[in-house]
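Enquirer: The structure under discussion is supplied below as structure tokens; questions concerning it will follow.
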Amino acid sequence: MAKIINGTKISADIKNEIKQEVAELERSKGVKPGLAVILVGENPASKVYVANKQKGCAEVGIISEEIKMPETVSTADLLKEIDMLNKREDIHGILVQLPLPQQINKNMVLEAIIPEKDVDGFHPVNMGRLVAQQECLVPATPSGIIELLKRENINLKGANATMVGHSEIVGKPCTLLLLNEWATVTICHIETRDLKMHTQDADIIIVAAGVPYLIKENMVKEGAAVIDVGINRITSDKANPELLEWRKSDFEAKGATLIGDVDYLKVEPKAGYITPVPGGVGPMTIAMLLSNTLKAANRLVK
Ligand code: NAD
């Protein structure tokens, strides 16, 4: 039976630590960290993410400001807003909720945020500093993954780690963070010919593919640490009998449930550690965003 890594509890511990540090910054320097979140359009999922980020800020004493822009906004207008936020002394972190509408040049927008306030860590300067192992702001989900592993005392030095997924927001930065901790890292993606060959001997498997049941029991070594980043919404008509039974209350209440990329019920008895979905990596993402905002404030405040 695996130790189930409780991301909800660990993220609450981190938020408590941040809350104390935020209070200390206010006591010593008279400054409260400020986060500006730009939300373009009416995407319902984006609205929920932004609301959760603001709730997280309120919990730890970070001031948050939501800037709503219409779906039809131009790149130029978005850049003007970012320019104003870059100059504001009370704003230490800026993030633009993704995805952006098609007419917007996403790269121009992300690169307009000054790297010192880029709390999502998506600016190429922060990515480059991560490669060069320099002080930088690191994307929240991968740093949350490393934090989970460290707080569970899972050995990274010399460990064989397999990262499934090579996105800019999770897979690539997570690979670099693992390397920086001296793990031996294999990175897999959609074109990987034999995924099992790369997962079956891994001490640590991190999966961020967005494919339900991708990681099966026969792909996991006995005692491995399995970190499931995937978030997949499964409606009752798509669920197998085991899932219908396991998540009965979700299906009855909402007609759907959230699962990760790991065949959890089969893999859990074999793994040494495993993160549940929900309640594993998910809650860590907001905690690390708050941590990045505090870090940015500490560095910007003289
Ligand atoms: P993405 O959707 O941009 O890309 C998916 C990655 O998985 C790609 O590298 C692709 O090559 C790889 N992939 C897809 N199918 C594969 C297969 N069959 N075999 C091997 N590799 C395969 O990635 P993303 O934005 O990092 O998101 C991945 C998942 O993680 C999604 O389910 C997303 O919702 C979730 N996510 C969760 C959090 C969180 O806070 N928990 C944060 C970000 C993303």
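The values are calculated or read from the model by the stated rules, or taken from the named source; none is laboratory data. The structure displayed is predicted, hence computed values, not measured ones. Note: ideal-geometry Cβ built from the backbone for every residue, glycine included; neighbour counts use all protein chains shown. We work out accessible area using only protein heavy atoms, side chains counted, and drop any ligands, DNA or RNA first. Shrake-Rupley method; radii C 1.70, N 1.55, O 1.52, S 1.80 Å.
Enquirer: So how far, in whole Å, is the C-alpha centre of the stretch 133-154 from the one of the stretch 276-302?
Expert: 10 Å
Enquirer: Quick one: which residues, 5+ away or cross-chain, put their amide H under 5 Å from the amide H of Lys270? H built at 1.01 Å from N.
Expert: Distant-sequence amide H within range of Lys270: zero hits.
Enquirer: Given a cut-off of 26 Å, name the pairs among Lys150/Lys295; Lys68/Lys150; Lys9/Lys248 whose C-alpha atoms lie farther apart than that in the structure shown.
Expert: Details: Lys150/Lys295 19 Å; Lys68/Lys150 37 Å; Lys9/Lys248 24 Å.
Where the Cα-Cα span goes over 26 Å, the pairs concerned are Lys68/Lys150.
Enquirer: Another question, then. Using only Cα atoms, find the angle between the long axis of helix 75-87 and the longest principal axis of the chain, and express it within 0 to 90 degrees, rounded to the nearest 10.
Expert: 70 degrees
Enquirer: Which percentage, to the nearest 5, of the DSSP beta bridges contained in the chain is antiparallel?
Expert: Taking every DSSP beta bridge with both residues in the chain, the antiparallel ones total about 10 percent.
Enquirer: Could you order the peptides 88-95, 175-182, 230-237 from most to least packed, using the average number of other C-beta atoms within 10 Å per residue?
Expert: 88-95, 175-182, 230-237
Enquirer: Step through the residues of the stretch 38-50 one at a time and calculate ³J(HN,Hα) from phi using the Karplus curve (6.51 cos²θ - 1.76 cosθ + 1.60, θ = phi - 60°), rounding each to whole Hz and writing x for Gly and Pro.
Expert: Per-residue couplings from phi come out as 9, 10, 9, x, 10, 4, x, 5, 4, 4, 5, 4, 5 Hz.
Enquirer: A 25 angstrom limit on the alpha carbon distance is what I want to check against. Which of Lys117/Lys172; Lys106/Lys238; Lys3/Lys47 exceed it?
Expert: Lys106/Lys238; Lys3/Lys47
Enquirer: May I pose another question? Quick one: net charge around Val125, please, counting Lys, Arg +1 and Asp, Glu -1 for every other residue with C-beta under 9 Å from its C-beta. Working shown, then result.
Expert: Numbers: positive: Arg129; negative: Glu111, Asp118.
In short, -1.
Enquirer: Next question, about the same structure. Which value in nm describes the separation of the simple spin-label points at Lys87 and Trp182, placed 7 Å from the Cα toward the beta carbon?
Expert: 4.8 nm
Enquirer: Report, to the nearest 10°, how far helix 7-29 tilts away from the longest principal axis of the Cα atoms in the chain, using its own Cα long axis and a range of 0 to 90°.
Expert: 20 degrees
Enquirer: Measuring from label point to label point, each 7 Å out along Cα→Cβ, what is the Glu66 to Gln133 span in nm?
Expert: About 4.2 nm separates the two model spin labels.
Enquirer: Can you give the accessible area per residue of the stretch 152-302, in Å², using a 1.4 Å probe?
Expert: Details: 7240 Å² over 151 residues.
Normalised by residue count, the accessible surface of the stretch 152-302 is 48 Å².
Enquirer: Now for a different question. Using only Cα atoms, tell me the angle between helix 140-151 and the longest principal axis of the chain; keep it within 0 to 90° and round to the nearest 10.
Expert: Around 60 degrees separate the two axes.
Enquirer: Another question about this same structure. Rank-order 277-287, 153-163 by packing density, defined as the average count of other C-beta atoms within 10 Å over each peptide's residues, highest first. Display every interim value, and only then the final one.
Expert: Numbers: 277-287: 22.9, 153-163: 17.5.
By packing density, highest mean first, the sequence is 277-287, 153-163.
Enquirer: Which order do the peptides 198-208, 37-47 come out in when sorted by mean C-beta neighbours inside 10 angstrom, highest first?
Expert: Final packing ranking: 198-208, 37-47.
Enquirer: Could you please state how large a percent of the accessible area of the chain is carbon and sulfur, counting protein chains only and using a 1.4 Å probe?
Expert: 53 percent
Enquirer: Next question. For Lys254 and Asp237, compute 0.36 nm times the residue count separating them, minus their Cα-Cα distance, and round to one decimal in nm.
Expert: So the chain would gain 4.9 nm between Lys254 and Asp237.
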